[in-house]
Amino acid sequence: MEISQEDWNENRQYVELSTGITMSYVEMGVEDGPALILQHGMTDNSRVWSLSAPYFAAAGYHVYMPDLRGHGYSDQPDTGMYTVSDFAADLNAFMEAKGIEQADMVGHSLGSMTMQAFLLLYPERCKSVTLVASTPVSPEHLGLDNYNYAITLKDGEHPDDDFMSGWYTNANPVDEEFLGYVMKESQQLSASSWKAISAGGSVEDLRPFYPYFDDSIPLMILHGTEDVFFNDDYQKDLLGYLPWATYKVY
C-alpha cells in the first residue's frame, strides 16, 4: 500500500509491448481491485505518483503507474519524436499485456494529453478519464519553447541545475526527498529523449477530432490556479472542446 522513495526503483517491473518497446511500471494496491492507471507528465516517470498512489490503493484500487516511452526506465527508441498517439498506443498495448480490459484513467500534463488521445482512440477501455494540469492538444497551445531548449543540448549533455529548479518550481511545499529523486531522474534523461519528447508534444493537433470524442464517458478536468504552464485561458479553451467535463479548480 506504500513504497518509500528509497525503494521505488526496486519495485519497478518491466513488460514487453506489442508496440515494440519494453515498458517500466510500478503497481500497488488491492490485487483484485478496479484498475486505475496514473500517467505522469513530460520528462517525469512513475515516481511522481508515489505520494498520492497510496491513497488510491487504500481506497481499494489496483494502481498501475507506467513510464511513457522515452521516460524513466522505459525504452527510448530512436524515432525522432514521441507523439501522444505513440504514448496512447503504448498504453493500450500495456493494458493488453497486463490483461486490463478497462480502467479509470488519470493523466498529468503530457500524461493528460496522452489520455485525450487515448480517449479518442480507445474509448472502450476508459471507465472514466481525469485530466490534471491539461491543455488542448495543438501546436498553437503547446508551442516550441521546450523543443527550442532541448535542441541546445548536445549528445551526453543534460539540463543544468538552474533549468531543473525552474522546471520543478512549485507554488506549494513539496516533500524534499521526493522532489530530489524526481528532479535527478528527469535531469538524467538523454539529450535525444528531451528532444523527442518535446518535439512530439508539439506536433499533434486533436482539435479537429474533439467532436468525435465519446461524451458518455465520465470526464473530469482538474486545474490549479498557480499553474504557470497551462493557465485559466487554456482551461477555457479545453472546456470549449470538452463541454461535458466536470471542472474542478484548486
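Among (1) over 18 Å from the mean Cα position of the chain (by Cα); (2) surrounded by 13 or more Cβ atoms within 10 Å (Cβ to Cβ); (3) over 27 Å from residue 80 (Cα atoms), there is one condition residue 227 misses while meeting the rest; what is its number?
(1)
If residue 165 satisfies every condition in (1) surrounded by fewer than 18 Cβ atoms within 10 Å (Cβ to Cβ); (2) among the polar types (S, T, N, Q); (3) more than 27 Å from residue 225 (Cα to Cα) but one, which is the exception?
Looking at each condition in turn, residue 165 falls short on (3).
Of everything in the range 70-82, what is buried (at least 21 other Cβ atoms within 10 Å of the Cβ) and over 18 Å from residue 133 (Cβ atoms)? Give them in sequence order.
Those that are buried (at least 21 other Cβ atoms within 10 Å of the Cβ) and over 18 Å from residue 133 (Cβ atoms): 70, 72, 74, 82.
So residue 75 passes all but one of these: (1) over 18 Å from the mean Cα position of the chain (by Cα); (2) modelled with pLDDT of 95 or more. Which condition number does it fail?
(1)
Of all residues in the range 47-63, count the ones that are closer than 15 Å to residue 109 by Cα and in contact with a Leu (Cβ under 8 Å, 6 or more places away or on another chain).
1
Would you check which residues across the range 207-237 are closer than 16 Å to residue 105 by Cβ and not acidic (Asp, Glu) and list them? Don't jump to the end; show me each part of the working.
Filtering the range 207-237 down to residues closer than 16 Å to residue 105 by Cβ leaves 213-222.
Correct list: 213, 216, 217, 218, 219, 220, 221, 222.
Residue under question is residue 141, and the condition is that it be touching a Ser or Thr at 6+ places or on another chain (Cβ under 9 Å), open to solvent by less than 80 Å² (accessible area, probe 1.4 Å) and either hydrophobic (A, V, I, L, M, F, W, C) or under 21 Å from residue 45 (Cβ atoms) (or both); does it hold?
So residue 141 does not fit the description; no.
Need a quick list: strands (runs of 3 or more DSSP E) entirely within the range 1-82 having at least 2 residues that are free of Cβ contacts under 8 Å to residues at least 60 places away in the same chain.
Ranges flagged: 13-16, 22-29, 62-66.
Looking only at the range 83-126, which residues are at positive phi and surrounded by fewer than 21 Cβ atoms within 10 Å (Cβ to Cβ)?
Residue satisfying the conditions is 99 alone.
Tally time: how many residues in the range 17-34 are closer than 23 Å to residue 74 by Cα and open to solvent by 20 Å² or more (accessible area, probe 1.4 Å)?
Summing the residues that are closer than 23 Å to residue 74 by Cα and open to solvent by 20 Å² or more (accessible area, probe 1.4 Å) in the range 17-34 gives 6.
The values are calculated or read from the model by the stated rules, or taken from the named source; none is laboratory data. As the structure is a prediction and not an experimental result, all values here were calculated from the model. When we count neighbours, we look across all protein chains shown, and the Cβ atoms used for this are built from the backbone with ideal geometry, even at glycine. Please note that ligands, DNA and RNA were not included when accessible areas were found on the heavy atoms of the full protein model with its side chains. Shrake-Rupley method; radii C 1.70, N 1.55, O 1.52, S 1.80 Å.
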